[in-house]
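This report concerns only the one structure given below.
The values are calculated or read from the model by the stated rules, or taken from the named source; none is laboratory data. Remember, it's a predicted structure, so these values are computed and weren't measured experimentally. With ideal geometry, Cβ positions are generated from the backbone for all residues, glycine too; neighbour counts draw on all protein chains shown. Just the protein is used for accessible areas: all its heavy atoms, side chains included, with ligands, DNA and RNA removed. Shrake-Rupley method; radii C 1.70, N 1.55, O 1.52, S 1.80 Å.
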Amino acid sequence: MQTIKKQHYLPRFVAPVYEQGKELYLLAGDLGGTKTNLALFRLAEGDFDVVREDKYASRDYASFSEIIQHFISQGGEKPQRICIGVAGPVVKGKVELTNLSRELSEDEIRQATGIQAVALINDLEATAYGLATLSPGQLTTLHRGAADNNGNMAIIAPGTGLGMAGLYWDGKHHHPFPTEGGHGDFAPRTELDISLLRYLQEKYEIASWERVISGPGIVTIYQFLRDIKEMEVPSALAAEMAAGDDAAVISKAAMEGKVAICVKTMELFVRYLARESCNLVLKMKSTGGLFLGGGIPPKIARLLETGEFFHHYMQGDRMAELLTSVPIHIVNNDKSALWGAAYYAGLLAD
C-alpha cells in the first residue's frame, strides 16, 4: 500500500472524492502505440493500493475497449471509475491514436463497460498527476532551487516521443494541463545546430524538438554526426547497434566514455534537453519546479548530474535569477502516468 504524502517540493492537488469509511475501486490505464498498462486500484482513507495490474500488446486487440473488457473479466472487484492516459491530444472526450490508426472515445468505454465515470486524459497530464504519488526516493534532485518555492510547475518527458505539461498554481492547488510542446520548432544556436537543422529539414521537413529530444532523436543526432560530420563509427559499436536498441547502445557507450561519436551524441542531447527545459520554465514561469520525466532521464542521470545540463539550462537571456530559483528533479518512477491516471479517476464524480 502506498500513501500519498504531500512533500513541499511536490504538487498540491485537490484531494480525491470518496466516501469516508468505504473503499473505491479505480481502473487506471497508460495507453501507448506499443503496449497498454492497466491496473485496478483500491482507494480508501487517502491510500492508493494496487490490487492487480497487467500489460497488453496494443496491436493484439481490435480495440482498446476490448482490452479493458478482458482486464475486467479476469475477476475481482469491478471498478467504479476509469481514467486512461493516452499519448495524444484529447479533444471533447476523443483521441486519435496515430500510431495505431484508431480513434478512442470516453463514450466507447462507457458503452463497453457500463461504467459512467470515465475520462481520457493526455499521458503527460497523467504523469503530472502522478507526481502527487511519488515518494522522496523516486526523485533525483539536480538542483534544489529556492527553499519552499511556490508557483506553477512544468514537466518535460523524453521517451519514444517528447511530452510536456504544465501545472497551474491557483494559490492553494496545482492544476495539470497537457501541451503538445514537443512539436514546437527546434531552435538552433550554434553553427553545428544550424547544420543539424538543415539535416533535420531534409529528413523530416519540419524540424521539431521531438526530433532531437527523444529515443529516436538520439539516433538521429548520431546519424547526423556519422553521415554529415563524418565521425568514426567503430565496427564493434556498429555490430552492437545492429543487434540491439540503438538509442540504448549509444547512451550506454557515452556514459562509459568509450566512443567519441556516442559521447558527442549525448552531449548534444543533454544540451538540447537543457535548452528546451529552460524554454519551458520561462513560458510556464514554473517557479514551483521542473520535473524531468519519461523513460530517458532516469537512465542517463549520470550525464545530467555532471553540471552540463544545468549550465545550458541557465542560458536563458536575462532570466538567470528566475531560472536558478527553480527546483529541478528527475522522476524515477516509470509508472507515474499509471498512478496519475488512478489519482485523476479519484477526482471523477460517480
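General observations
- Here is the figure for region 102-132: residues that are in contact with a Leu (Cβ under 9 Å, 6 or more places away or on another chain) and of a type outside the set (Gly, Ala, Ser) total 11.
- Of the residues examined, Tyr199 is one that is surrounded by 14 or more Cβ atoms within 10 Å (Cβ to Cβ), over 16 Å from the mean Cα position of the chain (by Cα) and hydroxyl-bearing (Ser, Thr, Tyr).
- Restricting Met241, Met319 to those that are over 26 Å from His175 (Cα atoms), of a type in the set (A, V, I, L, M) and surrounded by fewer than 21 Cβ atoms within 10 Å (Cβ to Cβ) reduces the list to Met241.
- Looking across Leu304, Leu268, Leu348, Leu290, one residue alone is under 16 Å from Asn152 (Cα atoms), in contact (Cβ under 8 Å) with a residue 24 or more places away in the chain and open to solvent by less than 50 Å² (accessible area, probe 1.4 Å). It is Leu290.
- Output for region 313-350, where each listed residue is assigned to a helix (DSSP H, G or I) and more than 16 Å from Gly145 (Cα to Cα): Ser336, Ala337, Leu338, Trp339, Gly340, Ala341, Ala342, Tyr343, Tyr344, Ala345, Gly346, Leu347
- Contacts under 7 angstrom Cβ, first residue in region 119-139 being touching a residue at least 12 places away in the same chain (Cβ under 8 Å), partner assigned to a strand (DSSP E or B) and among the aromatic types (Phe, Trp, Tyr), 6 or more apart: Glu125/Phe177; Leu131/Phe291; Thr133/Phe48
- Scanning region 27-41 for residues that are of a type in the set (Val, Ile, Thr) and open to solvent by 30 Å² or more (accessible area, probe 1.4 Å) yields a count of 1.
- Ala44 being surrounded by 13 or more Cβ atoms within 10 Å (Cβ to Cβ), of a type outside the set (S, T, N, Q) and modelled with pLDDT of 85 or more: yes
- Residues of region 202-236 satisfying the condition of being open to solvent by less than 50 Å² (accessible area, probe 1.4 Å) and hydroxyl-bearing (Ser, Thr, Tyr): Ser208, Ser214, Thr220, Tyr222
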